[in-house]
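Okay, structure first, notes after.
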Amino acid sequence: MRSFIDINSDMGEGFGAYTIADDKNLLKVVSSANIACGFHAGDPRIMASTVEKAIENGVGIGAHPSFPDLNGFGRRDMDLTPWEVTTDVLYQLGALSAFVRSSNYRLQHISPHGRLGNLSVNNRNYAEAIAEAVMLFDPSLIVMTEPGQLATVAQENGLKIAIQMFADRSYKEDGTLVSRIEPNAVIYDQDEVVARCVRMAVEGKVQTITGKDIEVNGHTLCVHGDTEGSVLLAKKVKQALLEEGIEVKKLEDWL
């Protein structure tokens, strides 16, 4: 059983006057935040405010870059060249970093969002493009991803990785997530989610959508902020982990 684990959530995913999650209260519970950088959500005011609140709570700050797909929330396929992906990710790292550095803080990690993140797990070209952006920008950044191509490429290039496990998403037998367009992709029963999180952290196992157990070996648990009741869920998950003797700490403090 592990001694430490990180709890992360996607943050800053509103735009203008619109918000979709209770980031203010989530930031009092999680240990790391993946902050949207303007391509799928977020704007300068939201980025500045989210960074400020994250710092107030001692939360590790990560960039959450995506395809340039504001209308589709970064969840649509885009046929981009590796150079386009590298430069798009660099652009977003730079944007968020401006707000972080102006507050005398530093970026902890990068966590690719949506379809870009999905493709980077299975497509080596996208994985290499993202890793190149990280190496050009700051090789000390932790790459938060699922098992797959991005994790492999990052390690090949000497980058730190944090394997992400998902609190409220269903898994397939190959260890990937069930697509959100399919039934039962998101688990809404909070007691079930909490039990799954504890089992992933303590036993390194999770039950798939077909009922089969598979192994998971991650460093960080993602609780999605846009899931109904996410703040209460994050609190329950954190408390259950603490009761198992697992301390919740941001990645850079122990990884």
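Just so you know, all these numbers are worked out from the coordinates, no wet-lab data involved. Since the model is a prediction, treat every value here as computed from it, not as a measurement. In this analysis, Cβ positions are derived from the backbone assuming ideal geometry, glycine residues included, and neighbour counts consider all displayed protein chains.
Structure values in brief
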quantity	calculated
Among Ala54, Ala201, Ala98, residue whose mean-square fluctuation peaks in a GNM of the chain (springs only between Cα atoms under 10 Å)	Ala98
GNM flexibility winner over the chain from Ser102, Ser49, Ser66 (Cα, springs under 10 Å)	Ser102
Given charges at beta-carbon only (K, R positive; D, E negative), |dipole| of the chain in Debye	380
Within the chain, longest stretch clear of exposed chymotrypsin sites (Phe, Trp or Tyr not before Pro) (DSSP loop, no more than 15 other Cβ within 10 Å)	1-187
Computed [θ] at 222 nm, deg cm²/dmol, the chain (DSSP H ≥ 4; -39,500 (n - 2.57); rounded to nearest 500)	-11500 deg cm²/dmol
Label-point separation in nm, Ile214 to Ala17, each point 7 Å along Cα→Cβ	4.4
All lysines inside 24 Å of Lys238 as judged from Cα atoms, apart from same-chain residues fewer than 8 positions distant	Lys24, Lys28, Lys53, Lys205, Lys249, Lys250
GluC sites (Glu not before Pro) lying in DSSP loop within region 114-218, provided at most 13 other Cβ fall within 10 Å	Glu173, Glu203
DSSP loop trypsin sites (Lys or Arg not before Pro) with at most 12 other Cβ within 10 Å: longest gap in the chain	77-179
Point-to-point label distance, Arg45-Asn123, nm (Cα→Cβ direction, 7 Å offset)	3.5
Label corresponding to Cα Rg over 2.2 N^0.38 Å when calculated from the structure given, among (i) 0.93; (ii) 1.10; (iii) 1.25	(i)
Proximal aspartates and glutamates relative to Lys160, as straight alpha-carbon distance under 16 Å, when same-chain residues fewer than 8 apart are discounted	Asp6, Glu128, Glu132, Asp138, Glu146, Glu252, Asp253
Pairwise centroid distance, computed over Cα atoms, of region 85-110 with region 164-242, Å	28
The chain: most fluctuating residue of His219, His64, His109 per GNM, C-alpha cutoff 10 Å	His219
Simple spin-label estimate for Leu70 and Glu156 in nanometres, 7 Å along Cα-Cβ	3.6
